[in-house]
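Remarks on the structure that follows.
The values are calculated or read from the model by the stated rules, or taken from the named source; none is laboratory data. Please read all numbers here as calculations on a predicted model, not as lab measurements. Cβ atoms come from the backbone with ideal geometry, glycine included; neighbour counts cover every protein chain shown.
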Amino acid sequence: GLPDQVTIWEVGPRDGLQNESVSVPVDVKLEFLDRLADAGVSVVEATSFVHPKWVPQLADAEELLARLDRRDGVDYPVLVPNERGLDRALAARVGHVAIFASATDSFARRNLNRALDEQFAMFEPVVARAKAEGLKVRGYVSMCFGDPWEGSVSRGQVAAVGKRLLDMGCDQLSLGDTIGVATPGQVTALLGEFGSVERIAVHFHDTYGQALANTYAALVAGVRTVDSSAGGLGGCPYAESATGNLATEDLVWMLDGLGIAHGVDLDKLCDTSAWMAGRLGRPSPSRVLNALRG
Ligand code: HMG
Ligand code: MG
């Protein structure tokens, strides 16, 4: 059944800003992070320690974390693909990292420059060292419901990748619908591949307008952590057809209607996303933001 409470894992500063063609000044990113914390978000994915040539939008990760006002009670995880990324994250005194695997070979090659089977060798020492340093580790799986080059992706293949990340020591798994093609029945079926969903989070992109319906299916199946992005920012520069994540405003509206606690102040969140849309020079795709502020 439905939960009393859900953790919103805000990914706007990372998944959102990694995909913007305009480069956002670090001062704007810092204000974005501050405003999200003020709005009550308890987990904000702050940035990525990936190769700066691969994602130039997040090349300022060191400066961002050095200057970030880390609030008590707010978790600021970052993405790290490899040991070089982990070294950088540790130097920045980060307490929570996320590795990101692919369920398909095509996307592993494009996003990580590794074959499907090679990606695990890159992640193993990252997870082992991060755990030994006392960090929390999330493991993403991308292309869980479809891949732009391979078409549909089998549940068994996704579950095998996910279980491998859990066995490696990841504390949580986030199942990503990178290109937003999933529908609720597929979500229920994929979650059924895992014995328990206690350590599973969901990460839906809203390309086909299914993200909220998929989230509802995941909540019914027992999921308690949902990824979303303020204003619906987002996408993946290495997945052509990916658009923004489920908008946090749309998620909050649904959770409020269901009486599920989440800790976010919708009014402050809308102010933040409207402000960010102004900085980016384009309107937000969030239906709720547009209904409330349009
Ligand atoms: P590579 O070229 O194979 O790297 O890239 P390498 O290991 O061969 O190293 C080559 C050089 O890069 C070396 O330098 C390394 O030190 C350097 P050299 O010795 O030649 O001078 N290097 C680094 N420098 C800084 N930071 C690092 C780093 N790593 C190596 N971390 C690599 C492999 C994984 C690095 C590259 O493919 C990469 O950075 N990929 C990241 C792509 C990315 O960020 N994609 C978006 C995030 S995933 C996503 O959005 C999906 C998600 O939202 C879920 C969903 O929606 O499904 C999470
Ligand atoms: Mg994503």
Of everything in the range 166-190, what is more than 16 Å from ligand 1 (Cβ to nearest atom) and more than 17 Å from Phe120 (Cα to Cα)? Give them in sequence order.
Thr183, Pro184, Gly185, Thr188, Ala189
I need every pair where a residue in the range 245-257 that is free of Cβ contacts under 8 Å to residues at least 60 places away in the same chain and under 12 Å from Asp267 (Cβ atoms) has its Cβ under 8 Å from the Cβ of a residue that is assigned to a helix (DSSP H, G or I) and polar (S, T, N, Q), sequence separation at least 6 or different chains.
Glu249/Ser273
Could you tell me how many of the residues in the range 7-53 are within 14 Å of ligand 1 (Cβ to nearest atom) and surrounded by fewer than 17 Cβ atoms within 10 Å (Cβ to Cβ)?
3
Looking for whichever is more than 16 Å from ligand 2 (Cβ to nearest atom), more than 27 Å from Ala101 (Cβ to Cβ) and in contact (Cβ under 8 Å) with a residue 24 or more places away in the chain here; the options are Leu68, Leu30. Which one fits?
Leu30
Contacts under 8 angstrom Cβ, first residue in the range 138-150 being within 15 Å of Phe100 (Cα to Cα) and touching a residue at least 60 places away in the same chain (Cβ under 8 Å), partner assigned to a loop (DSSP other than H, G, I, E, B) and near ligand 1 (Cβ under 7 Å from one of its atoms), 6 or more apart:
Ser142/Thr178; Ser142/Cys236; Met143/Thr178
If only one of Gly176, Gly234, Gly281 is farther than 15 Å from Thr7 by Cβ and touching a helix residue (DSSP H, G or I) at 6+ places or on another chain (Cβ under 8 Å), which one is it?
Gly234
Being in contact with a Lys or Arg (Cβ under 9 Å, 6 or more places away or on another chain), surrounded by fewer than 19 Cβ atoms within 10 Å (Cβ to Cβ) and part of a helix (DSSP H, G or I), is that true of even one residue in the range 88-105?
yes
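For the subset of the range 132-146 comprising residues that are of a type in the set (D, E, K, R) and in contact with an Asp or Glu (Cβ under 7 Å, 6 or more places away or on another chain), which member is farthest from ligand 2 (Cβ to nearest atom)? Break it down into steps so the answer makes sense when it comes.
Just the residues of the range 132-146 that are of a type in the set (D, E, K, R), to begin with: 133, 136, 138.
After this cut, where a residue has to be in contact with an Asp or Glu (Cβ under 7 Å, 6 or more places away or on another chain) as well, the list is 136, 138.
On the way: Lys136: 19, Arg138: 13 Å.
Checking each candidate, the answer is Lys136.
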Does the range 61-74 contain at least one residue that is touching a His at 6+ places or on another chain (Cβ under 8 Å) and either modelled with pLDDT of 95 or more or among the basic types (Lys, Arg) (or both)?
no
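Take Asp256 and tell me if it is among the acidic types (Asp, Glu), in contact with a Leu (Cβ under 9 Å, 6 or more places away or on another chain) and over 17 Å from Gly12 (Cα atoms). I'd like the intermediate steps shown before the answer.
On the way: among the acidic types (Asp, Glu): yes; in contact with a Leu (Cβ under 9 Å, 6 or more places away or on another chain): yes; over 17 Å from Gly12 (Cα atoms): yes.
Taking the combined requirement at face value, the residue satisfies it.
Just to confirm my filter: which helices (runs of 4 or more DSSP H) fall fully inside the range 178-271 and include at least 2 residues that are touching a Phe, Trp or Tyr at 6+ places or on another chain (Cβ under 6 Å)?
Working: elements: 184-191, 211-220, 248-258.
Filter on the range 178-271 gives 211-220.
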Assess whether Leu173 counts as being within 19 Å of the chain's Cα centre (by Cα) and free of Cβ contacts under 8 Å to residues at least 40 places away in the same chain.
yes
Give the range 214-248 a look and list any residue that's away from ligand 1 (no atom under 15 Å from the Cβ), over 18 Å from Val41 (Cα atoms) and touching a Ser or Thr at 6+ places or on another chain (Cβ under 7 Å), or say none.
Ala217, Ala221
